[in-house]
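S.K.: Here you go, one structure.
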């Protein structure tokens with residue numbers, strides 16, 4: 001059918017051309033896109049993104065600049081609604097059997113093709129008035145890395161030698177501003193991004209942030225606002241419009257970035273992971289085979305290590321392309337291969353010197369499986385320790401070990417309980433809308449009730465804890481720093497995410513509204529190092 005339609009379009013275009021006088025401007029603007037909305041653009045004009053190119057509601061809501069006029073062509077740049085491009089001089093619309101009308105266009109120094117229409121919808125519209133200035137971030141040229149930091153200077157503010165540790169927060173708001181705050185102080189904006197960031201992560205030394213948007217990975221110096229583009233969409237392989245960026249994390253050494261993507265091609269989800277060298281050590285490479293679940297990259301709170309929770313193994317995050325360090329633990333997954341959203345992975349609870357993990361039992365495992373259904377401790381150094389089978393856990397349930405490995409939070413959906421390894425039920429949680437896991441002291445768990453109230457239940461039955469904010473309705477996410485500082489996100493009735501912190505013995509401090517749930521990062525420092533000299537690209 002596509003071949004028949006292509007032939008019909010070509011024939012109609014020829015008939016129109018033959019019936020039009022030659023040699024005039026009218027002949028140069030003949031529109032052969034039969035059956036599509038009439039074009040509202042001509043060569044040389046400015047055009048604004050007013051609709052979405054995507055045919056999937058889960059995809060970004062703007063348009064794509066591509067090297068070729070094709071749905072399958074890789075993405076050069078994501079253009080949010082409101083972005084303005086220039087239609088190239090002498091450009092003619094290119095029509096496809098997919099129902100799109102493409103124009104050659106430029107966005108700053110980047111040239112490619114943008115579709116004016118998708119099906120019967122307009123994506124581009126004529127823009128009147130002078131061309132708006134391109135945002136400084138969008139005008140950045142792609143670099144390969146930043147020179148490693150070898151010296152440090154005092155931060156802003158500078159803590160006294162005998163002062164308490166500094167809690168530094170970096171976050172992105174819904175308008176695209178990336179700001180940082182120390183000890184709950186007034187946020188200071190470092191840079192602005194459009195589209196708003198998908199992910200923000202504070203560097204191990206506290207002076208910079210990795211900022212991920214639909215257009216790529218950026219390195220941002222918090223104190224000066226200096227920004228470098230480390231990786232655009234072209235550095236992640238063949239990125240079509242069905243693939244987009246999701247989250248970026250610094251590696252513990254501060255020299256690399258782990259970037260997670262969402263791939264929805266063929267309507268099957270996968271979540272590939274790429275490594276981008278921040279300090280110039282090696283070219284970008286794909287870390288995995290794309291079969292891991294979402295949020296597979298996990299980093300220890302103390303930056304001691306980073307791991308990947310795979311479909312059939314827990315592996316160390318590779319230090320380079322040739323790293324073949326053996327898996328920390330291998331197992332048979334509870335389900336077969338398929339959509340990565342359905343992968344069931346072990347739970348992980350970080351503690352001093354390593355982490356506890358419970359590996360779900362699998363019906364596909366061979367008889368006498370010695371891994372599935374067991375509680376394990378994976379030390380930072382040494383051999384994994386098997387604590388044996390955990391009783392009273394159904395195959396459909398999740399089991400999350402406590403920080404000391406003596407108790408587990410077990411359940412699924414609304415039904416959760418606290419039990420010991422032998423299967424004895426110690427406490428039963430009220431119906432929960434969401435569970436967040438163990439508090440740092442290991443005495444109980446935090447959750448949100450079905451009524452939207454922040455809740456706590458201890459192993460001893462206590463229902464209040466200093467690790468859970470009392471007045472946090474609709475708690476969406478919670479975590480803790482080493483000094484007990486609470487970090488929590490609340491989702492309002494308007495679906496906006498508000499971020500707050502609360503130090504031990506103090507009132508909560510509202511930080512701001514987030515662009516999304518991954519758009520904040522917090523670290524605790526005895527003294528936050530600064531940058532002695534301005535950051536420079538690698539030579």
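S.K.: Scanning segment 175-202 for residues that are touching a strand residue (DSSP E or B) at 6+ places or on another chain (Cβ under 7 Å) and at pLDDT below 90, which turns out nearest to residue 514 (Cα to Cα)?
M.R.: Result: 195.
S.K.: Mind listing whichever residues of segment 350-369 are closer than 19 Å to residue 312 by Cβ and either touching a strand residue (DSSP E or B) at 6+ places or on another chain (Cβ under 7 Å) or buried (at least 16 other Cβ atoms within 10 Å of the Cβ) (or both)?
M.R.: 355, 357, 358, 359, 360, 361, 362, 365, 369
S.K.: A further question follows. The conditions are (1) under 23 Å from residue 64 (Cβ atoms); (2) at pLDDT 85 or above; (3) not in a strand (DSSP E or B), and residue 231 fails exactly one of them. Which is it?
M.R.: Of (1) under 23 Å from residue 64 (Cβ atoms); (2) at pLDDT 85 or above; (3) not in a strand (DSSP E or B), only one is false for residue 231: (3).
S.K.: Please work out which one of (1) at pLDDT 90 or above; (2) crowded, with 20+ Cβ neighbours inside 10 Å; (3) more than 15 Å from the chain's Cα centre (by Cα) is the condition residue 252 fails and give its number.
M.R.: All conditions are met except number (2).
S.K.: For residue 302, which of the numbered conditions (1) in contact (Cβ under 8 Å) with a residue 60 or more places away in the chain; (2) farther than 20 Å from residue 400 by Cβ; (3) out of contact with any strand residue (DSSP E or B) (no Cβ under 7 Å at 6 or more places or on another chain) fails to hold?
M.R.: (2)
S.K.: Yes or no: residue 41 modelled with pLDDT of 75 or more, farther than 30 Å from residue 194 by Cα and either touching a strand residue (DSSP E or B) at 6+ places or on another chain (Cβ under 6 Å) or not in a loop (DSSP other than H, G, I, E, B) (or both)?
M.R.: The answer is no for residue 41.
S.K.: Only strands (runs of 3 or more DSSP E) wholly contained in segment 348-406 count here; list those with 1 or more residues that are under 30 Å from the mean Cα position of the chain (by Cα).
M.R.: Once the strands (runs of 3 or more DSSP E) in segment 348-406 are filtered for at least 1 residues that are under 30 Å from the mean Cα position of the chain (by Cα), what remains is 354-358, 374-379, 398-401.
S.K.: Right, another one. Identify, please: which residue in segment 268-290 is over 23 Å from residue 219 (Cα atoms) and out of contact with any helix residue (DSSP H, G or I) (no Cβ under 6 Å at 6 or more places or on another chain) and is, among those, surrounded by the most Cβ atoms within 10 Å (Cβ to Cβ)?
M.R.: 288
S.K.: Considering segment 256-267 alone, what residues qualify as being surrounded by fewer than 19 Cβ atoms within 10 Å (Cβ to Cβ) and touching a helix residue (DSSP H, G or I) at 6+ places or on another chain (Cβ under 8 Å)?
M.R.: none
S.K.: Looking only at segment 314-331, count how many residues are more than 22 Å from the chain's Cα centre (by Cα) and either modelled with pLDDT of 90 or more or crowded, with 17+ Cβ neighbours inside 10 Å (or both).
M.R.: 6
The values are calculated or read from the model by the stated rules, or taken from the named source; none is laboratory data. All of these numbers come straight from a predicted model, not from anything done at the bench. Backbone-built Cβ (ideal geometry, glycine too); neighbour counts: all protein chains shown.
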